[in-house]
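The values are calculated or read from the model by the stated rules, or taken from the named source; none is laboratory data. Just so it is clear, the structure is predicted and the values come from calculations on it, not from any experiment. Don't worry about glycine lacking a Cβ; one is built from the backbone with ideal geometry, like all the others, and counts go over all protein chains shown.
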Amino acid sequence: MDDSDTTMSHSNDPFQEKRREDGVLSCEFQGEAIPMILRHADVQRAAKDWETFSSDAPFRVPIPSEENLRTMRQLPIETNPPEHTEYRAIVEPFFKRSRDPEVVARVESLIENLLDQAMSRDAIEIVSEFALPLQCHALTYLLNVSESEAATWIGWGMHVFVKDGGQPGAMDTKLEDYLQQRFNEALEQPGDDFFSALTKATYQGRPLTREEMMGFANLTFAGGRDTVIHTISSIFAHLADHPEALDFLRENPKRHANATEEFFRVISPLTHIGRVCPVETNVQGITVPAHGRASLCWASANQDETVFDAPEDVRLDRKPNPHVAFGAGTHFCLGAAHARMIVRVLLEKLCSRVESLNLIEAVPHVENEASYRREVGYDSLTIVVTPR
């Protein structure tokens with residue numbers, strides 16, 4: 001099979017012109033001018049330079065910032081080394097559970113059941129009826145809590161922080177209320193789950209405060225939700241648009257690992273993330289004032305034509321693939337192994353159980369900012385899933 005048989009075009013790169021010109025795009029978020037760093041090498045360099053580009057900034061690492069959406073610092077992401085290193089070690093054992101054969105087997109069974117349900121129906125809406133349940137149930141395995149908890153998390157819908165139908169910035173307390181309840185229960189009846197582990201954990205020789213526990217849990221529930229869901233829906237859409245891709249993956253299971261990485265590169269479900277400059281800093285020719293922010297644009301770095309040959313092409317056998325969809329440096333995504341495992345198993349089960357995917361209706365999720373417009377995943381995606 002030659003390259004033409006494995007290559008599909010995908011154009012979703014609003015940063016190309018500025019990346020080629022000077023490597024930076026000035027954007028305004030919430031009245032703050034923020035330069036987005038666009039080139040692969042520059043993004044990686046900044047991600048590793050935590051002294052110049054600091055994460056020690058409660059509420060300000062996400063862009064837009066989240067002062068109005070939560071009441072605590074997210075941990076460990078909103079800290080720098082050496083604090084970050086010790087904080088991260090507290091929860092890392094749970095995120096490593098994605099490599100446990102028992103957890104992998106449960107995800108395999110989960111995806112098989114979801115595909116069986118999809119194939120038994122005339123059509124299925126992938127976002128709310130497949131991707132959201134998959135993300136929520138798989139998270140119960142990672143956190144070692146009862147799978148029945150997934151029903152509550154699914155009930156929150158796509159928006160954990162904002163009330164459904166509410167205005168952006170209008171905080172919904174459902175997540176924080178839920179987390180407080182779970183920590184209270186863990187203190188009364190401790191077990192081997194994520195919540196109990198945090199109530200028992202220590203940091204620098206002392207027990208965690210409730211605020212620190214909440215910071216870990218808040219990030220765990222909010223950080224990987226939209227990104228995993230958008231990735232799953234985008235994969236379904238791509239395979240429906242390109243049936244030859246499913247045939248290509250079916251021919252050799254060894255291709256699934258490379259395809260997993262290429263999907264993350266192309267989709268780049270987290271467009272960018274913020275860093276705070278403690279002192280006045282020159283960012284690609286733009287002056288950032290002391291305590292101002294810069295943005296590391298993962299999505300642009302993953303389309304950098306100096307690193308990726310024909311980056312607009314989806315090459316499911318692309319190798320090497322030094323994408324930064326999970327970030328870089330100290331703050332490399334805690335959930336990367338979990339997300340990779342979910343996508344790899346999804347591809348395996350689609351190849352073995354599904355004959356074809358037929359797209360009925362698609363409503364892309366659009367990031368419509370003043371300086372760029374980018375489609376990331378779907379708000380709704382209706383597909384007919386035909387069994388083999």
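Report, by residue number, each residue of the range 306-333 that is touching a residue at least 60 places away in the same chain (Cβ under 8 Å), over 15 Å from F264 (Cβ atoms) and either within 19 Å of the chain's Cα centre (by Cα) or surrounded by fewer than 17 Cβ atoms within 10 Å (Cβ to Cβ) (or both).
T306, A310, E312, G329, T330, H331
Would you confirm whether any residue within the range 222-234 is touching a residue at least 40 places away in the same chain (Cβ under 8 Å), polar (S, T, N, Q), more than 18 Å from T382 (Cα to Cα) and crowded, with 20+ Cβ neighbours inside 10 Å?
yes
Identify all residues within the range 145-158 that are modelled with pLDDT under 95, assigned to a loop (DSSP other than H, G, I, E, B) and of a type outside the set (A, V, I, L, M, F, W, C); write none if there are none.
G157
I need the helices (runs of 4 or more DSSP H) fully contained in the range 170-244, keeping only those with at least 1 residues that are in contact with a Pro (Cβ under 7 Å, 6 or more places away or on another chain).
Those helices (runs of 4 or more DSSP H) span 194-200, 225-241.
Among the numbered conditions (1) closer than 27 Å to R373 by Cβ; (2) out of contact with any Gly (no Cβ under 8 Å at 6 or more places or on another chain), tell me where S65 comes up short.
Evaluating S65 over (1) closer than 27 Å to R373 by Cβ; (2) out of contact with any Gly (no Cβ under 8 Å at 6 or more places or on another chain) leaves (2) as the failure.
Tally the residues that are farther than 24 Å from N218 by Cα, touching a helix residue (DSSP H, G or I) at 6+ places or on another chain (Cβ under 6 Å) and without any contact (Cβ under 8 Å) to a residue 60 or more places away in the chain, restricting the search to the range 94-145.
Matching residues across the range 94-145 total 3.
Within the range 62-73, track down each residue that is under 20 Å from A328 (Cα atoms) and out of contact with any His (no Cβ under 9 Å at 6 or more places or on another chain).
P62
Would you be able to tell me the number of residues in the range 72-124 that are basic (K, R), within 30 Å of W50 (Cβ to Cβ) and in contact with a strand residue (DSSP E or B) (Cβ under 9 Å, 6 or more places away or on another chain)?
Qualifying residue count for the region: 0.
Out of (1) farther than 19 Å from Q284 by Cα; (2) at pLDDT 95 or above, what's the single condition that is false for E67?
That leaves (2) as the condition not met.
Do you know which residues across the range 239-292 are more than 28 Å from P14 (Cα to Cα) and small (G, A, S)?
Within the range 239-292, A290 is the sole residue that qualifies.
Mind checking which residues of the range 71-94 are farther than 20 Å from S148 by Cα, crowded, with 19+ Cβ neighbours inside 10 Å and out of contact with any Ser or Thr (no Cβ under 7 Å at 6 or more places or on another chain)?
M72, R73, Q74, L75, P76, R88, I90, V91
Quick grid of which residues meet (1) within 13 Å of S371 (Cα to Cα); (2) touching a Phe, Trp or Tyr at 6+ places or on another chain (Cβ under 7 Å); (3) not in a loop (DSSP other than H, G, I, E, B):
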position	(1), (2), (3)
P14	yes, yes, no
R19	no, no, yes
E28	yes, no, yes
P35	yes, no, yes
Q44	no, no, yes
W50	no, no, no
A57	no, no, no
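State whether the residues of the range 1-19 include one that is crowded, with 17+ Cβ neighbours inside 10 Å, modelled with pLDDT under 95 and among the basic types (K, R).
Among the residues of the range 1-19, not one is crowded, with 17+ Cβ neighbours inside 10 Å, modelled with pLDDT under 95 and among the basic types (K, R), which makes the answer no.
Taking the range 343-358 only, how many residues are in a strand (DSSP E or B) and surrounded by fewer than 17 Cβ atoms within 10 Å (Cβ to Cβ)?
Counting residues in the range 343-358 that are in a strand (DSSP E or B) and surrounded by fewer than 17 Cβ atoms within 10 Å (Cβ to Cβ) gives 3.
If you go through the range 363-388, how many residues are loosely packed, with under 13 Cβ neighbours inside 10 Å and of a type in the set (S, T, N, Q)?
Qualifying residue count for the region: 2.
Does the range 44-61 hold any residues that are out of contact with any His (no Cβ under 9 Å at 6 or more places or on another chain), of a type in the set (A, V, I, L, M, F, W, C) and within 17 Å of N282 (Cα to Cα), and which are they?
A46, F53
Residues of the range 263-296 being under 20 Å from S371 (Cα atoms), among the β-branched types (V, I, T) and buried (at least 23 other Cβ atoms within 10 Å of the Cβ), which ones?
Of everything in the range 263-296, those that are under 20 Å from S371 (Cα atoms), among the β-branched types (V, I, T) and buried (at least 23 other Cβ atoms within 10 Å of the Cβ) turn out to be I267, V283.
Report yes if T260 is touching a Gly at 6+ places or on another chain (Cβ under 9 Å), buried (at least 18 other Cβ atoms within 10 Å of the Cβ) and polar (S, T, N, Q), otherwise no.
Here the answer is no, as T260 does not meet what is asked.
Within the range 196-210, is even one residue surrounded by fewer than 23 Cβ atoms within 10 Å (Cβ to Cβ) and under 22 Å from L132 (Cα atoms)?
No.
Inside the range 96-144, can you point out the residues that are farther than 19 Å from I154 by Cβ and part of a helix (DSSP H, G or I)?
Of everything in the range 96-144, those that are farther than 19 Å from I154 by Cβ and part of a helix (DSSP H, G or I) turn out to be K96, R97, S98, R99, P101, E102, V103, V104, A105, E108, M119.
Within the range 287-302, does at least one residue satisfy the condition of being closer than 20 Å to F53 by Cβ, out of contact with any Asp or Glu (no Cβ under 8 Å at 6 or more places or on another chain), of a type in the set (V, I, T) and not in a helix (DSSP H, G or I)?
No, that holds for no residue.
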